[in-house]
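**Q** I have a structure here, written as structure tokens, and I will follow up with some questions on it.
The values are calculated or read from the model by the stated rules, or taken from the named source; none is laboratory data. Keep in mind the model is a prediction, meaning the values are calculated, not measured. Positions of Cβ are backbone-derived with ideal geometry, glycine not excepted, and every protein chain shown enters the neighbour counts.
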Amino acid sequence: MPERFTDEELAFLRFARFGELPPRVLPDDLVEVVETEQPDLPVRQAFEIGPGGPA
């Protein structure tokens, strides 16, 4: 049977493994994500194998 831990023991194990967590982000601190258009990059030409096939 697996060992069962109390909430307090689990909190200690999380702290021992990951250290102190950063403060929680408040809803007022969140920002909205705005998708932007992709820049116009040059189009790469497809590689064409010559009539003799690959060398």
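**Q** So for segment 44-55 (the condition being modelled with pLDDT under 85, within 30 Å of the chain's Cα centre (by Cα), among the polar types (S, T, N, Q) and part of a loop (DSSP other than H, G, I, E, B)), does at least one residue qualify? First the steps, then the outcome.
**A** To start, the set of residues in segment 44-55 that are modelled with pLDDT under 85 comprises 44-55.
This time we only want the ones that are within 30 Å of the chain's Cα centre (by Cα), so: 44.
Still in the list and also among the polar types (S, T, N, Q): none.
Among the residues of segment 44-55, not one is modelled with pLDDT under 85, within 30 Å of the chain's Cα centre (by Cα), among the polar types (S, T, N, Q) and part of a loop (DSSP other than H, G, I, E, B), which makes the answer no.
**Q** Next up: How many residues, within segment 2-40, are of a type in the set (Lys, Arg) and surrounded by 10 or more Cβ atoms within 10 Å (Cβ to Cβ)?
**A** Start the filter on segment 2-40 by keeping residues that are of a type in the set (Lys, Arg), which leaves 4, 14, 17, 24.
Keeping just the survivors that are surrounded by 10 or more Cβ atoms within 10 Å (Cβ to Cβ) gives 14.
Number satisfying all stated conditions: 1.
**Q** Mind counting the residues in segment 7-43 that are aliphatic (A, V, I, L, M) and either touching a Ser or Thr at 6+ places or on another chain (Cβ under 8 Å) or assigned to a loop (DSSP other than H, G, I, E, B) (or both)?
**A** Going through segment 7-43, the residues aliphatic (A, V, I, L, M) turn out to be 10-11, 13, 16, 21, 25-26, 30-31, 33-34, 41, 43.
Of the ones still in play, those that are also either touching a Ser or Thr at 6+ places or on another chain (Cβ under 8 Å) or assigned to a loop (DSSP other than H, G, I, E, B) (or both) are 21, 25-26, 30-31, 33-34, 41, 43.
Number of matching residues: 9.
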